[in-house]
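Enquirer: Would you mind keeping the following structure in view while I ask a few things?
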Amino acid sequence: MSKALVDVLRKNYENLLERVEKACLRAGRSLEEVKILGASKGQSEEKIRVLYSLGLKLFGENYVQEAEKKIKNLADLDIDWHFIGRLQTNKAKKAVAFFSTIHSLDRLSLAEELEKRARSLNKRINVLIEVNIGHEPTKAGVFEENLEEFVKELKGFPNLNLIGLMCLPPLTDDERKTRFYFQKMRNLFERIKPLVGEGFTQLSMGTSSDFEIAIEEGATIIRIGTLLFGPRM
Amino acid sequence: MIKAYFFAVATSFLIGLYLSFYSAHLVFLFYVLLLQLFFFPQNKLKALAVLTLVLSFMFGSFYFKEEKSKLPTKAQFFGEVLTVEPYFEGKRVLLRLTSGEVILFTAYKGDFSPGMKCLLSLTSKEMKEGLNPFRPATRELEMAQGVEGFYEFKRQDEAICKTDGFNIESIRYELFRFSEELSGLAKGLFQALVLGVETQLPSEYLEALKKQGLYHQLAISGFNLGILYGILYKFTLFWLRRSPLVFTRYPLQIYAMIFSLPGALVVLFLSGFAGSAVRAFFFLFVLVLAKVFFRNTPSLLILLLTAFILCLFEPSLIGNLSFQFSFLATLGLLLANQFWQRLNLKPNNLWQKTLFISLQGLFVSSFISLVLLPLLLYRIGYYAIATPINNLLASAFWSFIFIPLSLLSALIYFLDETIAKYIMECVATIFKWYMKIPFFDWLYISPFSVNLLLIIFLICPLVYFTNQKIIQKLNFHLSFYGKCFPFLLAFLFFILTYCFFDKFYQKIDFIIVFKDKNFPHILLKNQDKFALLLNLKSEDIKPYKAKYFPIYYKLGVSSFECVVNFSRFNPYRVFSKDFEVRNVSTLEEKKYLDIEVCDPRMFELIELKEGAYFLEFKGLTLALVFHRKPSLPLPAEVSILLHKLKDMKDLPTESIYLEGERQSALILIPKEKYALLFSEKERRNSFLAYFLFPFVPYYLEDNIGKIINYHHETLP
């Protein structure tokens with residue numbers, strides 16, 4: 001990998017950390033409270049290696065097939081792999097095998113499949129429920145009105161460790177609207193917390209375009225792609 | 001002739017006092033004596049200079065005899081609050097005790113204001129401060145600041161205070177309160193330029209200014225005072241030319257100088273009579289007096305007179321960093337101006353005039369930077385190479401916009417707060433634009449430890465003068481180029497020694513364990529690579545950087561091969577702005593630290609259970625325990641533990657407790673068959689190790705430290 005590209009990645013990461021730091025300062029939060037997840041969909045293994053060497057250990061993939069190859073090739077690194085894309089039921093087996101956390105649990109059938117696969121691998125997998133916070137028909141996710149019921153149903157799956165919520169708010173340039181959805185997510189998170197208990201700690205929201213607002217509104221995981229890696233291959 | 005005698009006495013007095021403040025060894029005194037013999041041409045002058053030097057050294061050695069503060073480390077104190085200034089997220093308060101001593105304490109709670117009488121419990125900071133390489137000891141800092149101790153007002157402690165009448169300092173405190181209502185940047189600028197507290201400026205601006213070598217513009221100093229005085233002088237002169245005073249025989253310039261002095265007094269007051277401003281005012285005052293009564297007194301002599309009188313009344317001032325910088329900078333300025341005037345350049349047109357003024361600015365600025373270079377490297381560890389150019393480009397902004405407008409805002413505040421706020425917010429906006437100017441930010445960091453570099457700086461003049469003497473003795477009548485020979489020889493000596501030191505420093509390995517109660521950590525040097533093992537949390541970044549980054553620079557660190565943080569916080573950004581960082585590793589929640597955090601040739605980190613690690617470095621095994629309850633036997637040569645444990649079995653004989661009583665940093669030097677372990681205090685006590693570290697004891701042991709034999713037992 002060329003030195004110029006390494007420098008670009010370093011600079012990207014440095015700038016991102018600076019913005020995260022400022023957002024945390026504005027929100028009165030400590031830096032340790034926010035984890036950066038490198039959304040590495042379509043990004044090369046070399047880029048991941050560079051960012052890993054700078055201390056980024058959390059990476060997220062959207063497609064199981066693409067991820068499988070990367071995870072195998074990067075097995076020498078101590079990366080915590082999260083799955084952040086839409087998960088098809090037939091890919092659940094591999095997803096359980098390769099990832100530590102699934103961010104996109106959005107239906108009961110998927111939960112059943114994940115539970116089955118996790119049991120067979122004798123593994124307890126972390127999951128976040130994807131919430132369709134904007135009620136968008138094109139997006140997956142549980143509607144907020146069905147969330148409590150869905151959470152209760154998940155109690156019957158001992159191999160799924162529910163650790164939080166995830167959302168992709170509607171795309172908009174209006175900062176106020178974005179903030180409104182993130183605030184809604186925060187309220188939902190606080191509402192669900194007593195139902196789940198101690199381990200329910202993660203609120204995965206915010207991407208390259210809106211992570212600062214997400215941090216200000218309580219995100220604990222931000223998923224950053226373009227800002228970190230640059231444009232996809 | 002009197003001037004020459006005075007010059008000899010004043011310089012010798014200041015040098016003698018300086019050497020005694022730093023308890024410089026007699027070898028150093030001898031060295032300076034040698035230089036003086038070269039420097040003063042006449043026998044009488046030589047004798048006077050040598051006598052003054054020896055006497056002032058003896059006086060200083062007696063005066064600065066290091067005694068521990070007589071005040072208790074933890075007690076209830078009663079006294080009057082003298083000044084209150086912002087300090088990171090809290091305040092820094094100067095308190096005069098009823099017994100007369102002055103102490104400085106930091107407080108993160110409590111509403112202290114000048115003039116208050118307070119009864120409060122304080123804890124000495126001395127317990128927390130370790131003795132680290134290339135960092136002044138606490139007592140030295142206390143002496144230089146003219147206080148009897150540094151204390152902390154803890155959150156759990158209580159204070160009983162009452163306001164006791166009017167205090168002039170409370171007017172200044174009123175300005176602090178006003179600044180608190182400004183936006184972040186405006187507040188930082190106002191506090192720095194008007195009140196002399198530069199720590200509140202957003203860190204990104206502070207860092208940028210440091211790298212550009214323009215930080216001095218921010219700190220209140222003779223510079224601010226000079227700017228205001230200069231503006232007032234021009235203004236007064238303009239009006240005086242239109243007044244009846246024109247008909248008097250006395251020069252109007254002198255009137256203007258006298259009438260402008262009260263303006264400088266305002267800056268002095270606003271700065272809270274900050275040492276630098278007092279010194280500058282005093283210098284200005286003496287300068288005006290000299291102009292009024294003895295018109296031809298050289299400025300250089302006035303500077304020496306000022307420093308001489310100030311140090312005579314307050315000898316500890318000689319150790320004050322701000323005093324040292326302002327004295328040397330003014331000295332550089334005056335010398336550079338003298339040299340420039342000798343060139344006698346006369347411009348023929350406007351274009352030439354502009355060119356000459358620019359060149360003069362560049363020359364003066366470069367000369368000042370050169371004069372300050374050794375002190376800068378010794379004190380802060382780096383040198384902003386582009387300082388002269390940046391000064392030339394940036395001075396107009398500071399001289400005509402930021403400083404005068406900030407002072408104007410402070411004065412207007414007493415008439416109309418809204419206008420004052422508006423002016424300051426405008427200054428902040430202009431400052432934001434100004435910061436977008438791409439100034440140069442090249443830093444020079446010595447590739448080897450700074451003590452070695454200073455050794456070269458010290459020897460070079462000796463080489464130069466010796467050669468000059470030899471040429472004189474041999475009665476050679478050389479041309480101009482021939483006369484440059486001693487200089488060229490000194491320069492050649494510099495280059496050769498520099499390369500030699502660089503080469504040999506690269507071959508050395510060492511470990512420094514910084515026993516800091518707040519940020520215990522370990523610095524490893526493996527040949528030309530450095531690594532850090534630390535336990536840093538995000539809230540500790542600012543104080544950690546302020547304390548340790550200069551130490552790293554002074555040890556020749558410009559990049560880290562890897563940084564391992566034993567907490568969840570990723571410290572990449574903490575380091576990336578100042579150092580090149582190749583690998584960063586953090587201890588993730590519920591995950592073991594990966595073993596290969598770094599190139600295995602650098603060191604190996606093997607995780608045991610319950611927060612204990614083995615660090616394999618050059619045949620030496622260190623047990624690291626950063627957590628509180630380990631129960632494993634640790635068969636290593638040396639163990640580094642957070643604190644002393646009661647039930648720890650099979651501990652190696654050498655154990656370093658990071659949370660022990662106040663102790664020095666520890667230095668480990670692994671050699672082929674054994675390792676040497678010694679403390680920073682031991683290093684300072686050994687003459688050779690003090691000046692030639694790490695060559696001594698790496699290449700030459702000089703009986704320093706304890707020998708630790710390697711034993712390679714099977715790991716559990």
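The values are calculated or read from the model by the stated rules, or taken from the named source; none is laboratory data. Please read all numbers here as calculations on a predicted model, not as lab measurements. Quick reminder, even Gly has a Cβ in these numbers, built from the backbone with ideal geometry, and neighbours come from all protein chains shown.
Enquirer: Looking at (1) closer than 28 Å to B:E561 by Cα; (2) touching a residue at least 40 places away in the same chain (Cβ under 8 Å), which is the one condition that is false for A:I84?
Expert: Tallying (1) closer than 28 Å to B:E561 by Cα; (2) touching a residue at least 40 places away in the same chain (Cβ under 8 Å), A:I84 fails exactly one: (1).
Enquirer: Further question: Is it the case that segment B:531-545 has a residue that's within 25 Å of B:Y505 (Cα to Cα), within 25 Å of the chain's Cα centre (by Cα), away from every other protein chain (no Cβ under 11 Å) and hydroxyl-bearing (S, T, Y)?
Expert: If we filter segment B:531-545 for residues that are within 25 Å of B:Y505 (Cα to Cα), which is where we start, we get B:531-534, B:545.
Checking which are within 25 Å of the chain's Cα centre (by Cα) leaves us with B:531-532, B:534, B:545.
Retained after the next criterion (residues that are away from every other protein chain (no Cβ under 11 Å)): B:531-532, B:534, B:545.
Filter once more, keeping what is hydroxyl-bearing (S, T, Y): none.
Looking through segment B:531-545, none of the residues is within 25 Å of B:Y505 (Cα to Cα), within 25 Å of the chain's Cα centre (by Cα), away from every other protein chain (no Cβ under 11 Å) and hydroxyl-bearing (S, T, Y).
Enquirer: Within segment A:196-226, track down each residue that is in a strand (DSSP E or B), of a type in the set (S, T, Y) and farther than 21 Å from A:I125 by Cβ.
Expert: none
Enquirer: Only one of (1) within 14 Å of chain B (Cβ to nearest Cβ); (2) under 23 Å from A:N132 (Cα atoms) is not met by A:L114, so which one is it?
Expert: Condition not satisfied by A:L114: (1).
Enquirer: Being modelled with pLDDT of 80 or more and part of a strand (DSSP E or B) narrows it down to one of B:S121, B:S99, B:S113, B:S56, so name that one.
Expert: Going through B:S121, B:S99, B:S113, B:S56 in turn, the sole match is B:S121.
Enquirer: Going by the conditions given, is A:E144 touching a helix residue (DSSP H, G or I) at 6+ places or on another chain (Cβ under 9 Å) and farther than 21 Å from A:C24 by Cβ? Can you show your working first?
Expert: On the way: touching a helix residue (DSSP H, G or I) at 6+ places or on another chain (Cβ under 9 Å): yes; farther than 21 Å from A:C24 by Cβ: yes.
So A:E144 passes the test.
Enquirer: Residue by residue through segment B:91-122, note down the ones that are surrounded by 15 or more Cβ atoms within 10 Å (Cβ to Cβ) and among the small types (G, A, S).
Expert: Residues satisfying the conditions are B:A107, B:G110, B:S113, B:G115, B:S121.
Enquirer: Are any residues in segment B:673-694 touching a residue at least 40 places away in the same chain (Cβ under 8 Å) and surrounded by fewer than 20 Cβ atoms within 10 Å (Cβ to Cβ), and if so, which ones?
Expert: Across segment B:673-694, the qualifying residues are B:K681, B:R684, B:F687, B:Y690, B:F691.
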